[in-house]
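The values are calculated or read from the model by the stated rules, or taken from the named source; none is laboratory data. Owing to the predicted nature of the structure, the values given are computational and were not obtained by experimental measurement. Note that each Cβ is placed from the backbone with ideal geometry, even for glycine, and that neighbours are counted across all protein chains shown. Just so you know, the surface numbers come from the protein's heavy atoms only, side chains and all, with ligands and any DNA or RNA stripped out. Shrake-Rupley method; radii C 1.70, N 1.55, O 1.52, S 1.80 Å.
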Amino acid sequence: MSRPASLPLACRVCGADHDGSTAPIACVACGAVLPVHPQVSPFALLGLARPRFHVDDSALDRAWLERSRRVHPDRFARKSDAERRCAAEQVAALNDAKRALSVPYDRALWLVQRAGVPLATLGPAWLTELMELRERAEGDDADKQRVIDEARARFAERLATLDAVLGPLDDIDDAYATPSAALRRAAALLAELKTLARLVDDLGGGKLIATLDER
Amino acid sequence: MARGIGIDLGTTYSLVAVVRDGKPEVLRDEHGEGRVPSAVFFGEDMAAGALVGFEAFAGERAKPGALLTSTKRFMGRGRSVAQAVLDHGARTFRLWPAPAVDAERLVQFAVPDGEGGERPCTPVEAAAYVLKALKDRAEAELGEEVSDAVITVPAYFDDAQRQATRDAGRLAGLRVLRLVAEPTAAAVAYGLDKEAEGRGQGTYAVFDLGGGTFDVSVLEFDRGLFRVRATAGDTALGGDDFDWPLAERLLGAAGVDPAAALPHQTHQALAIARRAKEALTDLDHVDVEGVLAVGDEERAVQLSLSRAELERLILPVVNRCAGPCERALVDAGLTPNDLDGVILVGGSTRVPLVRAFAREFFGREPLCDAHPDEVVAAGASLQAELLTGGDRDLLLLDVTPLSLGVETMGGVVDKLIARNSPTPCSATHTFTTYADHQSAMDFHVVQGEREKAEHCKSLARFTLRGIPLLGAGLARVAVTFQLDADGLLTVTAKEQATGTTTSVEVKPSYGLTDAEVEGMLMASFDHAQDDIEERLLIEKRVEVERVLAATDKALLEDGGLVDAAERAAIERAVAAARGAIAGTDRSAVQAALDALDAATQPLAHRRMSKRIGEALEHKRIDEVTP
Ligand SMILES: [Zn+2]
């Protein structure tokens, strides 16, 4: 299996070289906390050798906790300023990685963007459909609830399609390295998923995507 | 490294704790009292400095000046908030007049300047006096200089309120190692204590109702790891809200319009209300007596109240806890049944109606084995120990209570960091220009859950200039939010279209500049020279006040234990003591105190025997029960 390209990373205390792509925590030479390479993948930070769509949520959570225990700046109160700064960087990067990967929608978005696939624009047919849905929700509460239910159903259906599209890529080397038809299909699904989630939220039906309001 | 202290800077009371021999310990005064009222008094004849805590109340009774209480409610808030409180609630202070153009500037109170005039005092300065008093207590107790502190803040405090708390610490001469959320600190002290007994793993809700703020946090404990799943709250909801309806009734009965009451009348009425509220924790009905200044006379007043009446008055306030409790559970993805326990924290959770609310909402008997007043300070001291080099197995993973974002076209908020994200963290969003040859971009940073920026808390506004002149949509500006472990935000904006980078860094502020903080630092403490004799007199008055309060309580509970002659003797001594503390003769105050002590001896002895008898009786019942 191919590994991500290596990223040169120097220890801030002794200068020893490391491969930033593996998200190392401590310097092999002096033991100091290392900085985080800006291009490191969130998957590496959470202990996964390479990017993938299917992940075990509880394993991800355990990896996050385990690494938090090791890199949290509170652990380094007695260490140098440089080390404490590195620890702060480490834990911030770790928390950012967790946010990016903990929900399938966001994970897919990360994979699609990393491959360099542009975010899809919505087709006229979809926009018309969406408009109709919104219009139908303008009646009484029962109408609104019917639209919420329908939007939720369509959301679930598209999420299943997304799963079918991306799932097989997990086993193919470098599938998330460059654009492909499958990733473009995923980008189109993501755009539709987002509009459905937005619609449900606007109608008071709850948040289907945890990070709906982010980005 | 010098020892670090943990401080619970509360709305009504504050405490300081330190870890000794591995155990958190709240530092107390000579009466065993750990709580320091968060009250600051500036007398008209005091050239510099202020009286803090019980002494502040005594100062207010003794001479003209301004007594500031519950000022935490105004930390990092605009004048409109303070004005709303003045218009709709207790008028315990006057605002320093501000020019109309600067109406949203932070709150300032009008206090005597010691030279016959008045000067402005911010909530930050008031908090700094309280922190300084706690620092002094720690130094006296530890016999060494103390400079490092962990200070707790309500979990639901926003960026401006946190900044203000940090500044107050700095003003008091403390290096603030960390701001820790109050429910998180409570969970740490509670969890480590239980862990020592081999229990306490699992998922808990901390229900923290203090004097002026309400927080509810859902946390997981596991072997020294404390992970906050979600937090919610209301920074304008607390036990103080229970007092005002009672005080209003008292003022009304004495013929004073509550809406026009003077600050000292309001303080008097609130003090009586609080005594009634506290007594109703154990009793079903109370008659609390006190004095209220009406015109030129001190009029004796009585507040007669049943628990049912109190509960009817405070029910609307207690019910406001429901919204945050629901939000915290939903955000944590849990139902009440998923919890292993509900921990009650904060003095206001002693109110039976509050306990009943928690029991009903979470569908279980809440845990009451944490000390509601002291557990927050204890948790802060454990974190302080860790941050000053202690090697305890402890780690807090906290979250940001409120979403952070930038205002976009049409006034809608674009959220960069969602609420309940683990901290520290960062997020970047790229914005593009909307006009051809646009050379500058305005940004408005906000915090809150509402969709429109105008309904969120405004943290900062800034302009990025020097953007290369390109067509609309071609210049790209990356805005990065960095949230640190204290929950404080730094914003950076970088232009990236041409590879050249212009950037601005913004520290959101609540209206005080660094220079202003420095200025206050110079002005407040360096020149404080307290008059020793005055301090001794005040201390003695405080002592008398305590004995008077204890006598009141004893007569209320066990008045039947004394005969008519003994009661008359006690009443004479009480009147004499009240007279003595109104004067300035310290030896007269001491004499009155001794007389009061002698008169109450029989009552004290009989109460003691009664308690012992009760305790023995309970023991016998326990012993015969299998
Ligand atoms: Zn090294």
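Quick look at the values:
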item: Listed residues A:204, A:175, A:148: farthest to the positive end of the dipole of the stretch A:113-214 (Cβ charges); result: A:175
item: Rounded to 5, the percent of DSSP beta bridges in the protein assembly as shown classed as antiparallel; result: 80
item: Out-of-range pairs (alpha-carbon distance over 20 Å; input B:452/B:507; A:98/B:415; B:23/B:194; B:72/B:452; A:207/B:415; B:72/B:553); result: B:452/B:507; B:72/B:452; B:72/B:553
item: Value of [θ]222 nm, deg cm²/dmol, for chain B, DSSP H segments ≥ 4, -39500 (n - 2.57) each, nearest 500; result: -13000 deg cm²/dmol
item: Packing-based order for A:63-76, A:90-103, B:430-443, using average beta carbon neighbours within 10 Å, highest first; result: A:90-103, A:63-76, B:430-443
item: Cα centroid separation, the stretch A:1-70 to the stretch B:1-51 (Å); result: 44
item: Residue B:365 paired with residue B:436, simple spin-label distance in nm, labels 7 Å along Cα-to-beta-carbon; result: 7.7
item: Neighbouring partner chain Cβ atoms per residue of B:383-395, average, 10 Å criterion; result: 2
item: Three-way shape call for the stretch B:33-186 based on the alpha-carbon gyration tensor, with the a/c threshold at 1.5; result: oblate
item: Cα gyration tensor category, rounded, prolate or oblate, for the stretch B:346-459 with a/c compared to 1.5; result: oblate
item: Carbon plus sulfur fraction of accessible area for chain A, probe 1.4 Å, in percent; result: 54
item: Chain B, accessible surface, carbon-and-sulfur percent (1.4 angstrom probe); result: 51
item: Summed residue charge, Cβ within 12 Å of residue B:89's Cβ, Lys/Arg positive, Asp/Glu negative; result: -3
item: 5 angstrom amide H check on residue B:27, placed H, neighbours 5+ away; result: B:16, B:17, B:18
item: Cut-off 16 Å (backbone N to label point 7 Å along Cα→Cβ of residue B:463), residues of the stretch B:399-426; result: none
item: Length added when fully stretched, residue B:585-residue B:113, from 0.36 nm per residue minus Cα-Cα; result: 167.4 nm
item: Accessible surface ranking that places the most exposed of B:409, B:75 first, with a 1.4 angstrom probe; result: B:409, B:75
item: Zone of residue B:222's modelled label, taken as backbone nitrogen in the stretch B:176-207 under 15 Å from a point 7 Å along Cα→Cβ; result: B:200-204
item: Coordinate range along principal axes, alpha carbons of chain B, Å, largest first; result: 95, 69, 49
item: Which of A:111, B:555 is most accessible, then next, and so on - probe 1.4 Å; result: B:555, A:111
item: Spin-label model distance (nm) - residue B:497 vs residue B:145, 7 Å beyond Cα toward Cβ; result: 5.4
item: Cα centroid separation, the stretch B:154-173 to the stretch B:430-491 (Å); result: 25
item: Using alpha-carbon coordinates, inclination of helix B:514-524 to the longest axis of chain B, degrees; result: 20
item: Per-residue mean of C-beta atoms belonging to partner chains within 10 Å, peptide B:416-425; result: 6
item: Burial ranking of peptide ranges B:199-210, B:111-122 (average Cβ count within 10 Å, highest at the top); result: B:199-210, B:111-122
item: Free-standing Cys, chain A [no other Cys Cβ under 4.7 Å]; result: A:86
item: Charge dipole (debye, nearest 20) of chain B; +1 at Cβ of Lys and Arg, -1 at Cβ of Asp and Glu; result: 1080
item: Listed residues A:72, B:112, B:362: farthest to the positive end of the dipole of the protein assembly as shown (Cβ charges); result: A:72
item: Heavy-atom accessible area per residue - chain A, 1.4 Å, Å²; result: 48
item: Sequence-distant residues sharing a close amide H with residue B:460 (under 5 Å, placed H); result: B:445
item: Residues listed by number, the stretch B:210-227, amide nitrogen under 15 Å from residue B:201 label point at 7 Å toward C-beta; result: B:220-227
item: Potential lengthening between residue A:149 and residue A:121 on full extension [0.36 nm per residue; Cα-Cα distance subtracted]; result: 7.6 nm
item: Protein accessible surface hidden between A and B, which excludes ligands and nucleic acids, total in Å², probe 1.4 Å; result: 2200
item: Long-range HN-HN contacts of residue B:475 with modeled amide H, under 5 Å; result: B:433
item: Where labels lie 7 Å past Cα in the beta-carbon direction, separation of residue A:49 and residue B:136 in nm; result: 6.5
item: Residue-normalised accessible area of the stretch B:331-420, given per residue in Å² at a 1.4 Å probe; result: 34
item: Order of exposure, largest accessible area first, which applies to A:86, B:368 with probe 1.4 Å; result: B:368, A:86
